[in-house]
1. Based on the Cα atoms of region 124-238, what semi-axes does the equivalent ellipsoid have, where each is the square root of 5 times one gyration tensor eigenvalue, given in whole Å with the largest first?
2. Taking 0.36 nm per intervening residue step and subtracting the Cα-Cα distance, what contour gain separates residue 31 from residue 145 on full extension?
3. So which lysines pass the test for residue 145, namely a Cα distance under 21 Å, with those fewer than 8 places away in the same chain ruled out?
4. Roughly what would the spin-label model give for residue 287 and residue 57, points 7 Å off Cα along C-beta, in nm?
5. Stretch residue 23-residue 161 to full length: gain in nm at 0.36 nm per residue minus the Cα-Cα span?
6. Out of every Cα pair in region 1-102, what percent are spaced more than 23 Å from each other?
7. What's the magnitude of the charge dipole for the chain around its Cα centre, counting Lys and Arg as +1 and Asp and Glu as -1 at the beta-carbon? Answer in Debye, nearest 20.
8. Considering only protein heavy atoms and a probe of 1.4 Å, how much of the accessible area of region 285-431 is carbon and sulfur, as a whole percent?
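The values are calculated or read from the model by the stated rules, or taken from the named source; none is laboratory data. Note that the structure is a prediction, hence the values are computed from the model and not measured. Cβ: placed from backbone, ideal geometry, glycine included. Neighbour counts: every protein chain shown. Please note that ligands, DNA and RNA were not included when accessible areas were found on the heavy atoms of the full protein model with its side chains. Shrake-Rupley method; radii C 1.70, N 1.55, O 1.52, S 1.80 Å.
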Amino acid sequence: MAVSTLSAAGIRWDLGDLAAGADEARSAWDELLARGRAFAERHRGGVGTHGPEALRELLEELDGILEDGARVHFYALAREHTDAADAETNDLATFARDRAADLESILLFVELEWLALEDAEADALLAAPELERYAHRLRVAREEKPYALAEGEEQALNARRPGISAWESLHGRELATLTIDFDAGEGSEPHTIDRLLSYVHHPERELRRSALEALYGALETVADVQAACYDALVGDRLAVDRLRGIPDPMWPTNQKNELDGEVVEAMMRSIEDHYPLGRRWFVRKAQVLGLDKLELADQYAPVGSDRRVEWPEAVQMVDDSLRDFEPRLADIFRACLDRRHVDAEPRSGKVGGAYCNSLSRHVLPYVLLNFTDQLRDVVTLAHEFGHATHNTLALERQPYRAYHTGLAVAEVPSTFAQLLAVERLIVNEQDPSTRAMLLADRAESAMASIFRQTVMARFEQSAYALRGEGKALARERLSDVWFEENERYYGDALAMPEGYRLGWSYIPHFIHVRFYTYAYSFAHLVAFSLLARYREDPERFVPAYLEFLAAGGSRSPQELLEPTGVDLRDPATWEAAFGELERCIAEAEAGVAAL
Ligand SMILES: [Zn+2]
């Protein structure tokens, strides 16, 4: 199927709510920098020393600048993500990155002066009612106190930001502009990586295999560059960690997630203990497909029958699912579509995957995805609008700096929205064969988040450890580690082809945010726990859940989840989650048995 025949053709976003064009974006940056400088002139040396009322006003003004900065910065990124080959876009993205780093340097003094306060002074401010809405974020920020450097040093580190971003951009551009000639049965034509990957859901094994082989062949041509990008970024992060005295490469991510390192490790161990559950499914799936043994190309092969879903139907499905749960969420979804804040059409020059970017209480979120007319794309759409609705509600209620949560909690509402959508699809599906497919897909998505992302987090741990020992992260070394970590999960139940050694090379999370990966494992388990609660008592659950959404990042994960009855310290929470996972796998087995 050619790109032009995909049903989301023409569904591209309108960036008019961000900026009218490149020129306006550039002058907006000039204004922002002027505002930032004037702000710094007025407040430098006075953060936290004029009482709680003054600090609140200062933070509100700072929020205003940051909020506008996020808007104009995303304008450049959004263009870069959908038009990587355009010269004006690349110029603007470079300009925006430079200016964003400048602005950050100008404003850095606020965080540093806040950290420099004595504990007693800070505690007095944190206890003041004027700062109640900011208190949690301010308290979390102070955890960085032991690792903060002097302002000049922090600025110098910050000034390197464009150089760091250049590695990230190079990595993304190599993938976004990679077009691979592939014949899916209708003649050879150029494919993006996402489109090639979508064939892993194709019923024909030979096509799945050859699509993956084509992908691996293409990755061969970029793997050295991808390894160099990763090596540069990991090396840089570790060097800065050493300078700050940060002992554990996971610490910065754990701190942002507000999760204790021991909690994360315990979760990952517990997940690894459940790997046999995944392997049980692989063995069953091989039987269903009539194979001796599953190969990587079969991991996501459809069982039962898939069907084509056109974009308007997908929109209706997600609307229904959100509306069923809480109409307010569906209204936000519709508003984003009406304002053309969604880019769903796959095309060359556009980044793969999907994301949601929320910027400001004055601008609705923007969502990017690559819609390929498959049922699972509906799930992706629901996932991204789990983010969009969470952020919109949080931005309504919280000050800008308190609306966003750490990554781990951020993935909870998106995963929950995705689970609701899937559940609805399953319940409404009359055809047992499509039902079997949906049940299998739900189980496999859960395994992809809970198991696969933990595999990836272990890969990252190994990579950081090796780089920390002074070993270069060259392509072969990364490939070895990647294979080893994957083997621990797949064991004898699934065979990996040689080409998959390069599987690490196209994963953007490794590049952008270290250890982002385990956030998906965490979130899927928590979302499972929430779903169990919802099923028990929907009437009580929904208002509590909305409260959780609107609270944004104003409290710790533990406190945020409290109203919903999910207690992160209670082993029963995790048991309930693995119980849901086991239920999904058992239902998937029952689904295929009914065929
Ligand atoms: Zn997400």
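1. Computed over region 124-238, the values are 47, 21, 11 Å.
2. Working: separation 114, 0.36 × 114 = 41.04 nm, distance 3.14 nm.
In short, 37.9 nm is gained.
3. Qualifying lysines at Cα under 21 Å: 256.
4. So the label points at residue 287 and residue 57 sit 7.3 nm apart.
5. Result for the pair: 47.4 nm of gain on full extension.
6. Of the Cα pairs, 43 percent sit more than 23 Å apart.
7. Here the chain has a charge dipole of around 360 debye.
8. Numbers: 2230 of 4930 Å².
Exposed carbon and sulfur together represent 45 percent of the surface.
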